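Have a look at the structure below before the remarks.
Nothing in this text is a laboratory measurement; each read-out follows from the coordinates by a stated rule. All values reported here derive from a predicted model rather than from experimental measurement. Note that we place each Cβ from the backbone using ideal geometry, even for glycine, and neighbour counts take in every protein chain shown.
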Amino acid sequence: MNHGDIDIISEILEKTQEEIENMKPVSIMLIGKTGVGKSTLINNLFRENIAETGIGKPVTDHLQKITKEGVPLVLYDTKGLELDPSVQKEVRHEILDTIKDSYNSPEEEGIHLIYYCINAAGGRIEEMEIDFINDLGKIIPLVVVLTQSIGDNGKKLAEYIRGLDITAKAVIPILSEDYKISDDIVLPSFGLRELLEESFKYLPKEVEGSFNNAQQVDLEKKADSAKRWAKRYVTTTFGVGFTPIPFSDSAVLVPMQIGMLAHITAIFGISMDKQKIASIVAAVGGTGSDIIRKNYRCECFKIYTWSRYDCRGSDFGRNCIYYHYGPCL
Ligand SMILES: Nc1nc2c(ncn2[C@@H]2O[C@H](COP(=O)(O)OP(=O)(O)OP(=O)(O)O)[C@@H](O)[C@H]2O)c(=O)[nH]1
Ligand SMILES: [Mg+2]
């Protein structure tokens with residue numbers, strides 16, 4: 001790899017970082033007793049195994065804030081709700097105060113959504129939980145997530161809770177991770193997609209992009225946004241009649257293309273490292289698209305390159321690269 005390639009890689013990384021830093025992070029609070037499956041839920045809903053790899057900072061005795069560089073997401077994780085009533089009361093106060101503070105402090109942007117987690121295996125919801133959900137649901141959109149829904153427990157409890165006079169936006173049974181019953185029998189996970197769709201309904205518009213970046217459940221949704229954006233970009237940059245010409249030999253990345261790749265990467269929320277970008281640059285430089293196929297298989301990501309296109313007289317240079325997100329390769 002030559003020096004030019006290394007410059008391009010650094011520039012793409014830098015620009016992607018900039019794009020992500022400019023995104024307003026989506027803020028989600030997880031409430032639920034210990035062991036209900038809050039961490040399992042967030043590790044499966046969001047990319048980067050965030051419960052393990054994120055940085056947790058204590059906000060109060062029973063609340064911590066988890067963030068990770070490069071992921072436009074702030075998670076508030078609670079503990080202590082399973083303890084005796086006096087501690088539960090304390091936890092409830094801390095949660096309500098944290099929500100209020102999040103609106104009042106200049107660096108915070110408010111909390112956008114609450115996932116109130118109840119273990120479906122217990123088959124019941126306590127009075128305390130109903131009261132608390134009602135208090136919280138008046139201030140912030142709240143979704144009741146019935147975790148570890150194995151068999152009919154989740155469905156039955158969901159029906160029961162939906163029948164209560166409760167200020168939850170939705171009640172969703174889920175199994176965040178496959179559940180192994182025996183060597184031969186594994187219950188496949190379910191419900192994450194529904195949780196995602198419900199969440200999109202209640203999140204403010206300005207954080208939808210961040211939520212889409214952070215989630216890892218619906219790649220098609222990421223692809224759609226990237227595609228829509230790329231289409232607009234290509235149309236406004238190259239004109240309506242732009243027809244890319246199939247790639248044949250080496251191409252050079254120019255600043256606009258770097259910006260485009262950075263933006264698409266930011267929409268997608270692919271964890272970019274130098275190696276991945278190097279693969280793209282290598283492929284763009286003519287070593288073939290197999291490297292891209294290999295690297296992006298799981299992200300359903302396709303890149304086509306076209307070179308020696310005159311770009312309608314723009315100063316775009318002699319080579320054009322056009323990115324296309326489509327079904328899995
Ligand atoms: N197979 C499977 N196991 C789950 C699921 N949800 C939770 N578990 C298991 O339940 C245990 C507790 O889950 P956690 O996600 O750590 O629970 P938590 O709510 O984060 O607990 P605290 O951090 O103590 O508050 C773990 O051993 C998980 O493997 C699930 O959807 N599928
Ligand atoms: Mg946890």
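Observations
- Distant-in-sequence amide H partners of T167 (H built 1.01 Å from N, under 5 Å): N134
- By the beta-carbon count within 10 Å of each Cβ, the least crowded to most crowded order of S225, S86, fewest first, is S86, S225.
- The value of relative contact order for the stretch 23-214, using C-alpha pairs under 8 Å at least six residues apart, is 23 percent.
- Spacing of the two label points (7 Å from each Cα toward its C-beta) at R232 and S182, in nm: 5.4
- For the stretch 1-159, radius of gyration divided by Kirkwood radius, i.e. Rg to Rh on alpha-carbons: 1.07
- Around L187: net Lys/Arg minus Asp/Glu count, Cβ-Cβ under 13 Å: -3
- With θ taken as phi - 60° and the Karplus curve 6.51 cos²θ - 1.76 cosθ + 1.60 applied, the whole-hertz 3J(HN,Hα) list for the stretch 42-53 is 6, 5, 8, 7, 10, 6, 6, 6, 4, 5, 8, 9 Hz, x standing for glycine and proline.
- Sorted by Cβ density within 10 Å, fewest first, the residues L146, L63, L45: L63, L45, L146
- E220 paired with Q17, simple spin-label distance in nm, labels 7 Å along Cα-to-beta-carbon: 3.6
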